[in-house]
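Trainee: Provided herewith is a single structure, encoded as structure tokens, for subsequent inquiry.
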Ligand SMILES: [Mg+2]
């Protein structure tokens, strides 16, 4: 029996600007059940309010408090540690960090900055880390899918700075075990009775398994044939979120 059901967003509920066929109904079914529902995303191109607005526009019945984003978690960590980060962020979420002191930076924060990943910015990030500033990454995703194509995500840029400055990033968001644990702690369910549904075999599936959750890979979004063989731990693999919800609701374990 599952007690909680976590969903990744992009590639699971929608692809680009279209809902995955049957996903709206599947989420409605899940919301009507006794399962605790959470939406867990690394996206750093939208604010939480934008995510909620876009999902609602597509017809999804969700609650704002069910959404857990990596940028919100990283902001909490930055405040707690009193870091003044040099931020490589997408312009859409810069406003979310406007109340964080970014003067005389003593840390580096890298998210999916898109056009912000220029040589000058990356070089400055490298120099700070080389001098001992901690490197914080929002997710470690290798790529995401948009407009039918795969695109570079934040992971490769975080790894470039790690390589150059011989440092190890603190990753906030999937696949961080702490991040999954944080979302699990927001429910009354134990990790082992929680099912994470995602299209990223590393960020969603391997991350969830490492955190003690169960996992289900969907063959939509960024899924590539053969992904199910890339992680050496048992998990489910299904056609789409519709089948994943069916499994969770039928209580199969
Ligand atoms: Mg995804």
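Just so you know, all these numbers are worked out from the coordinates, no wet-lab data involved. Keep in mind it's a predicted model, so treat the numbers as computed, not measured. Ideal geometry is used to build each Cβ from the backbone, glycine not excepted, and the neighbour counts take in all protein chains shown.
Trainee: Using the alpha-carbon atoms, what tilt in degrees (0 to 90, nearest 10) does helix 70-81 show relative to the longest principal axis of the chain?
Mentor: For 70-81 against the chain, the angle is about 50 degrees.
Trainee: Relative contact order for the stretch 81-172 using alpha-carbon pairs under 8 Å, separation at least 6, rounded to a whole percent? Can you show the working numbers first?
Mentor: On the way: 155 pairs, mean separation 23.8, N = 92.
Over the stretch 81-172, the number comes to 26 percent.
Trainee: I've got another one for you. Within 10 Å, count the other beta carbons around each residue, average over each peptide in 106-116, 120-130, and list them highest first.
Mentor: Peptide ranking by packing, descending: 106-116, 120-130.
Trainee: Based on the Cα coordinates of the stretch 25-68, what is the per residue volume of their convex hull in Å³?
Mentor: 70 Å³
Trainee: Please list, in order, the residues from the stretch 1-37 whose amide nitrogen is less than 16 Å from a point placed 7 Å along the Cα→Cβ vector of residue 192.
Mentor: Residues 1-4 qualify, since their backbone N sits under 16 Å from the label point.
Trainee: Which three semi-axes in whole Å describe the equivalent ellipsoid of the stretch 167-214, each the square root of 5 times a Cα gyration tensor eigenvalue, listed largest first?
Mentor: 18, 13, 8
Trainee: Could I ask something else about it? First measure r as the distance between the Cβ atoms of residue 54 and residue 250, then evaluate 1/(1 + (r/R0)^6) with R0 = 25 Å and state the FRET efficiency to the nearest 0.05.
Mentor: Working: r = 30 Å, r/R0 = 1.19.
So the FRET efficiency works out to roughly 0.25.
Trainee: I'm a student and want to see the number: the projected area of the Cα convex hull of the stretch 81-172, averaged over all directions, in nm².
Mentor: 6.0 nm²
Trainee: Using only the Cα atoms of the chain, construct the convex hull and provide its projected area averaged over every direction, in square nanometres to one decimal.
Mentor: 12.9 nm²
Trainee: If you don't mind, another one. What's the extension gain from residue 166 to residue 181 if we count 0.36 nm per residue and subtract their Cα-Cα distance?
Mentor: 2.6 nm
Trainee: Given labels modelled 7 Å from the Cα in the Cβ direction, how far is it in nm from residue 63 to residue 31?
Mentor: 1.1 nm
Trainee: Relative contact order for the chain: what percent, with Cα pairs under 8 Å and sequence separation of 6 or more? Walk me through the numbers before you get to the answer.
Mentor: Working: 499 pairs, mean separation 56.4, N = 253.
After rounding, I find 22 percent.
Trainee: Stretch residue 80-residue 159 to full length: gain in nm at 0.36 nm per residue minus the Cα-Cα span?
Mentor: 26.0 nm
Trainee: Nearest 0.05, what FRET efficiency do residue 118 and residue 18 give at R0 = 35 Å with Cβ-Cβ as r?
Mentor: It comes out at approximately 0.65.
Trainee: State, to one decimal in nm, how far the label point of residue 210 lies from the label point of residue 103, with both points 7 Å from Cα in the Cβ direction.
Mentor: Calculated label separation equals 3.8 nm.
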